[in-house]
1. Bin width 5 Å, alpha-carbon pairs only: give the P(r) of the range 153-218 as whole percents, running from 0 to the bin holding the largest distance.
2. Count charges around residue 265 for me, please; just the other residues with Cβ under 11 Å from its Cβ, Lys/Arg as +1, Asp/Glu as -1.
3. Round to the nearest 0.05 the FRET efficiency obtained for residue 401 and residue 175 when R0 = 41 Å and r is the Cβ-Cβ distance.
4. In this model, which of 178/247; 118/419; 247/376; 362/419 are farther than 31 Å apart at the alpha-carbon?
5. Work out from phi, with θ = phi - 60° and the Karplus expression 6.51 cos²θ - 1.76 cosθ + 1.60, the ³J(HN,Hα) of each residue of the range 326-340, listed in order in whole Hz, and give x for Gly and Pro.
6. Counting residues in the range 156-273 as N, plug N into 2.2 N^0.38 Å and put the Cα Rg over that result.
7. Enumerate the calculated ³J(HN,Hα) couplings along the range 102-108 in order (Karplus 6.51 cos²θ - 1.76 cosθ + 1.60, θ = phi - 60°), each rounded to whole Hz, writing x wherever the residue is Gly or Pro.
8. Is there a pair in 340/375; 125/211; 25/54; 11/91; 25/53; 91/276 whose C-alpha atoms are over 21 Å apart, and which pairs would that be?
Amino acid sequence: MFENLSSALQKTFKNLRGYGKLTEKNIKDAMREVRLALLEADVNFKVARDFVKKVQESCMGEEVMGSITPGQLVVKRVQDELEELFGGAHKEFDLTGRPASVMMMGLHGSGKTTSSGKLAMRWKKAGRRVLLVACDIRRPAAVEQLMILAGQVGCEMVRPDPGETVPQLGRRAAQFAKDGNYDVVIYDTGGRLQVDEELVRELKEFEAETKPNNKVLVLDAAIGQESVNVAEAFKEAVGLTGMILTKLDGDARGGAALSVHAVTGCPILMTGSGEKMEDLEPFYPERMASRILGMGDIVSFVEKAQGIVDEEEALRMQEKLAKNQMDLEDFLSQIQQMKKLGPISNLFDMMPGDAMKMDAKKKEAIATASEIEMKKFESIIQSMTKWERRNPKLIDRPRRLRIAAGCGRKLADVNQLLKRFDQMGKMGKQFKKMEKRLRHLKKFTTK
């Protein structure tokens with residue numbers, strides 16, 4: 001997401017930082033590059049024009065042009081405007097009332113049903129009782145799909161009765177949720193290939209029966225500028241309280257996300273970037289702006305890690321590494337925890353510093369190589385016996401040959417894994433020595 005835009009903007013600002021003093025021409029040239037980058041990223045042309053105009057006006061003042069570090073101030077002004085373009089402050093769902101209700105809307109294929117399941121899992125993990133309601137009675141297997149997701153999440157679900165209309169289903173489900181003392185009810189409404197009169201009438205009647213706190217549009221970011229037209233149509237027809245952008249991993253341009261809020265005024269609540277149930281994240285304008293400008297997003301990375309990595313297990317691993325007591329079972333556990341964090345290329349985008357300075361092709365190459373290596377190491381360790389995993393130093397050549405044959409790998413791959421594991425052990429010893437030196441230094445300075 002935003003890969004092309006991010007690369008273009010970072011290149012432009014790298015040139016700007018090279019100037020000791022900025023002139024009006026420097027700023028205009030840079031803003032022309034920014035405008036081109038936005039248009040190439042599929043940002044609405046009116047949005048791109050207004051954005052550049054605001055940034056240029058704010059950069060022409062004495063504060064920027066007369067600054068010691070004018071290039072950095074220009075980047076800061078662009079960052080501020082990007083945050084505003086994304087909606088300013090982070091917005092949450094309105095979960096007041098019991099039950100709070102969420103009406104999910106969108107076209108066919110936008111990811112409504114999957115997003116409904118992801119939201120249900122997120123709120124269930126937060127300790128809320130969630131009810132899913134299958135309101136898509138036209139799309140084949142839509143009810144079955146939501147039923148499968150409800151089973152995965154562990155939520156109850158209301159399905160339509162034979163001959164029941166969508167508004168009637170909504171009324172029955174709303175009463176069921178109230179009687180059952182649920183915290184949140186999520187209505188997965190039906191979609192169409194395009195917004196038509198029948199869909200609008202159905203949604204209006206459904207809204208009148210259920211009176212939802214949240215009217216959320218699920219938008220496919222990969223359809224580009226058409227997503228802006230879809231958002232405008234739904235807002236005009238039914239009214240919206242927020243949006244969820246899906247399939248952001250399928251579009252390197254990402255211009256839809258930059259355009260929809262500016263055009264509709266509706267906040268982006270969450271973004272989806274994968275098929276897994278965990279792949280739905282809150283949308284923070286300031287963090288996204290920081291990532292686009294190459295400053296990373298370490299806060300989101302830490303939050304993601306906290307939600308996946310077991311803290312007690314991490315401390316146990318740290319202690320074992322410091323004492324040089326780690327075995328290959330621990331190494332396998334670390335690989336599997338790393339895989340839970342998602343694609344390595346996505347993690348790169350959250351990292352500030354050198355990781356952000358790499359071009360897209362280099363990042364992708366390193367990420368792909370790392371993922372292939374992790375998969376290879378995982379299969380090799382799983383081909384070992386428990387005794388071998390716990391005593392890696394005693395794995396001789398015959399055992400290595402058997403392990404390689406058992407997982408379909410080469411002997412060189414097994415040797416590479418054991419060498420990497422040995423290097424990790426040496427690193428643990430170095431940490432221990434450093435810790436001793438620091439303790440000694442602290443003792444000396446105290447005296």
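Derivation of every value follows stated rules applied to the coordinates shown; laboratory data play no part. From a predicted model like this one, the values you see are computed outputs, not experimental measurements. A quick note on method: Cβ atoms are made from the backbone with ideal geometry, for glycine too, and the neighbour counts reach across all protein chains shown.
1. Final binned percentages: 3, 14, 27, 26, 18, 8, 3, 0.
2. Summing Lys/Arg as +1 and Asp/Glu as -1 gives 0.
3. Values: r = 67 Å, r/R0 = 1.64.
About 0.05, to the nearest 0.05.
4. On the way: 178/247 33 Å; 118/419 40 Å; 247/376 28 Å; 362/419 25 Å.
Long pairs (Cα-Cα over 31 Å): 178/247; 118/419.
5. Here the 3J(HN,Hα) series is 6, 10, 6, 5, 5, 4, 5, 4, 5, 4, 5, 5, 5, 5, 5 Hz.
6. Numbers: Rg = 15.5 Å, N = 118, 2.2 N^0.38 = 13.5 Å.
This ratio for the range 156-273 stands at 1.15.
7. Couplings: 10, 9, 8, 10, x, 7, 4 Hz.
8. Numbers: 340/375 13 Å; 125/211 25 Å; 25/54 16 Å; 11/91 31 Å; 25/53 14 Å; 91/276 23 Å.
In this structure, 125/211; 11/91; 91/276 exceed 21 Å between Cα atoms.
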